[in-house]
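Structure first, commentary second.
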Amino acid sequence: MSDEIRSIHEFELNIICEYFSNVKRQGPGSPEITRKALSFIDNLTDESQIADIGCGTGGQTMVLAQHAPGRITGIDLFPRFIDLFNSNAKSFNLQGRVRGMVGNMENLPFQPGELDLIWSEGAIYNIGFERGLREWRKLLKPGGYIAVSEATWFTEERPAEIDEFWMREYPGIDTVPNRVSQMQKAGYIPVASFMLPENCWTKHFFEPQVMVQENFLKKHAGDKMAEDLVANMKHEAELYSKYKEYYGYVFFIGKKF
Ligand code: SAH
């Protein structure tokens, strides 16, 4: 296995996609936290139109659908995730009102003012927090809600090792007050923001990967790209346990103003 840790951006998408197809969640989160974020949203009915952007295989979407009325469209770039999403919806008997579609968050297949709620857990970084909030706002009805979770700094300053890691992975990472202010400037009332607890990373994100890593390495024995990807994910888990006081995921909930 290589001693050097690469940036996640250097891996082929196919191999990342295969790795993450084997776990329920492709980012930190939990059913409890999805429900908590939903508790701030009060405009939903059976007629509501909801989009889950960067839905992955739909771990959080199924929780959302079980606790909110309305129709949900999950959008993700990867067809393989969307296939798994749609079979997940079927296994929960939600296929009547939950549908996955391949699509790009930079060019979403919705009409202006069509949506009551935009949901996006651990995915808005792909377009950038501010750009996502501004562009997606047009798709919301007046008074519609947005709920996104995002990797966030908890403090103004932090040790160099973790700062360098995030500058490589996501230089757009910012602090909680800056994100709240950006949300307000993008035309939302900042309704709530809260930190995700540690178990969203450990129990629900890193631990399920341990089993997957073993099988993945067996299947790809001798493949350096696969070995490096596993090394990379292990390194990310170690960094989290070392520096979790300084960063984590935060949910931001806003109401279109
Ligand atoms: N919401 C899921 C997945 C988060 S991982 C969860 O919390 O478990 C981020 C997801 O964004 C991945 O599934 C990735 O395929 C998707 N993604 C990345 N770029 C995208 C884009 N431009 N448009 C749509 N989805 C994208």
Too-long pairs where the Cα-Cα distance tops 26 Å, listed order kept, from LYS234/LYS255; LYS141/LYS185; LYS36/LYS244: LYS234/LYS255
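Would you please report the Å³ per residue occupied by the convex hull of the alpha carbon atoms in segment 16-153?
Cα convex hull per residue, to the nearest whole number: 108 Å³.
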³J(HN,Hα), Karplus 6.51/-1.76/1.60, whole Hz, each residue of segment 43-53, x for Gly, Pro: 10, 8, 9, 4, 8, 5, 10, 10, 10, 10, 9
For the chain, Kirkwood radius (reciprocal of mean inverse C-alpha pair distance, Å): 18.8 Å
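Could you tell me the calculated FRET efficiency between LYS203 and ARG97, based on Cβ-Cβ distance and R0 = 35 angstrom, to the nearest 0.05? Present the calculation step by step, with values, prior to reporting the outcome.
On the way: r = 29 Å, r/R0 = 0.83.
Calculated value: 0.75.
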Probe 1.4 Å, protein heavy atoms only - accessible area per residue of the chain in square angstrom: 47 Å²
For a label point 7 Å along the Cα-to-beta-carbon line of ARG158, residues of segment 237-256 with backbone N under 12 Å: 239-250
Relative contact order (%) - criterion: Cα under 8 Å, at least six apart; region: segment 1-120: 26 percent
J(HN,Hα) series, segment 249-255, from Karplus relation 6.51 cos²θ - 1.76 cosθ + 1.60, nearest Hz, glycine and proline x: 8, 10, 8, 10, 10, x, 10
Alpha-carbon centroids, segment 180-246 and segment 1-74: separation in whole Å: 13 Å
The chain: antiparallel DSSP beta bridges as a percent of all, rounded to 5: 45 percent
Cα-based reach from LYS224 at 13 Å (exclusive), listing aspartates and glutamates while leaving out same-chain residues under 8 positions away: ASP3, GLU4, GLU10, GLU12
Extended-chain gain in nm, criterion 0.36 nm per residue less alpha-carbon gap, ARG80 and ARG35: 13.6 nm
Rounded to 10°, Cα long-axis angle of helix 160-169 versus longest principal axis of the chain: 60 degrees
Full-stretch length increase - ILE189, LYS141 - with 0.36 nm per residue and alpha-carbon distance subtracted: 15.9 nm
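The values are calculated or read from the model by the stated rules, or taken from the named source; none is laboratory data. In this text the structure is predicted, and so the values were computed from the model without any measurement. Positions of Cβ are backbone-derived with ideal geometry, glycine not excepted, and every protein chain shown enters the neighbour counts. Each accessible area value is taken on the protein alone, full model and side chains, heavy atoms only, with ligands, DNA and RNA left out. Shrake-Rupley method; radii C 1.70, N 1.55, O 1.52, S 1.80 Å.
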